[in-house]
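Below: the structure, in structure tokens.
The values are calculated or read from the model by the stated rules, or taken from the named source; none is laboratory data. The model shown is predicted, which means the values in this text are computed figures rather than measured ones. Note that we place each Cβ from the backbone using ideal geometry, even for glycine, and neighbour counts take in every protein chain shown. What goes into the accessible areas is simple: the full protein's heavy atoms, side chains included, and nothing from ligands, DNA or RNA. Shrake-Rupley method; radii C 1.70, N 1.55, O 1.52, S 1.80 Å.
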Amino acid sequence: MLRLAQVFLLAFGWRRMLLATGCGALAALAMPPFGVFPVLAISFPGLVWLLDGAIGEGRGAVARFRAAFLPGWLFGFGFFLAGLWWVGRAFLVEADVYAWMIPFAVLLLPAGLALFTALGVGVAGVFWSDGWQRAGFLALGLAGADAVRGHVLTGFPWNTWAYAFAAIPELGQAASLVGIYGLGLLVALIFCGLAGFVDQTTGGRRLTVMSVVLFAGLAVFGIARLSLA
């Protein structure tokens, strides 16, 4: 795990860009119809470590925002590109007329939606630090981006982070208490928190334990709620 973290931490230039896009694309596998949510244990900590490398110490708020914005946009672009590729199939109904629009639909829609992710990650970058709190800020940024995306310009709430638990009813029951965006925040907290596994601090270890306990708590609550239904 430490070696994997170092790959992300030490990446720069096109390698950082490629890893950010890849993390986003990997995260799409957590969404229906695949439902492989454990991939978030790589993609979310990977984004945390990429931001650790991108955001330098001693920078001002604007510089921190800009440093986090690009990795955030690339992460979002990879996520939506992998999750919305099927949009292009709609233009094959009358391919002789509309097929030329496929590259624009497949690329421009993810590029636009990724701006919401970039904004959330950028705001998290403003408050970035070396401590365990950074995972919480990123989780808030990602969940906040989901909420904004779900309402701005009539909203496009496709593949919010809460859907990562859609394939397992027990894990999704907490939505009855906190709603879809609240559950998305819990998902982000759980998997961003796993980045603390490689932190050589007490706070980092506590963060990882918190992630495990939170995940277990969701499972226990879901099992109990379904058993009483």
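Stokes-Einstein at 37 °C, 0.692 mPa s, Kirkwood radius from Cα pairs: D for the stretch 70-197 in µm² s⁻¹?
My calculation gives 208 µm²/s for D.
How large is the accessible surface of T117 in square angstrom, using a 1.4 angstrom probe and rounding to the nearest 10?
Ignoring ligands and nucleic acids, T117 comes out at about 20 Å².
Counting only heavy atoms of protein chains, what accessible area per residue, in Å², does the chain have with a probe of 1.4 Å? The partial results should precede the final answer.
Numbers: 11370 Å² over 229 residues.
Value for the chain: 50 Å² per residue.
Mind checking the log10 I(q)/I(0) for the chain at q = 0.14 Å⁻¹? Debye, one equal scatterer per Cα, no solvent, two decimals.
-0.86
Got a number for carbon plus sulfur as a percent of the chain's accessible area, 1.4 Å probe?
The C+S portion of the solvent-accessible surface of the chain is 73 percent.
Spin-label point model (7 Å from Cα, Cβ direction): what's the I168 to V213 distance in nm?
1.9 nm
What translational D, rounded to a whole number of µm²/s, comes out for the stretch 1-93 from Stokes-Einstein when the hydrodynamic radius is the Kirkwood one over Cα pairs, at 37 °C and 0.692 mPa s?
Translational D for this selection: 234 µm²/s.
What is the extension gain from L109 to T202, computed as 0.36 nm multiplied by their sequence separation minus the C-alpha to C-alpha distance, in nm to one decimal? Please report the intermediate quantities before stating the final value.
Details: separation 93, 0.36 × 93 = 33.48 nm, distance 4.21 nm.
Between L109 and T202, full extension yields 29.3 nm more.
Let me spell out the model: positive unit charges on the Cβ of Lys and Arg, negative unit charges on the Cβ of Asp and Glu, origin at the Cα centre of the chain. What dipole size does that give, in debye rounded to 20?
400 debye
Run through the stretch 11-82 and list the chymotrypsin sites (Phe, Trp or Tyr not before Pro) located in a DSSP loop whose Cβ has at most 15 other Cβ atoms within 10 Å.
Numbers: sites: F12, W14, F34, W49, F65, F69, W73, F75, F77, F79, F80; in loops: F12, F34.
Here the sparse-neighbourhood loop sites are F12, F34.
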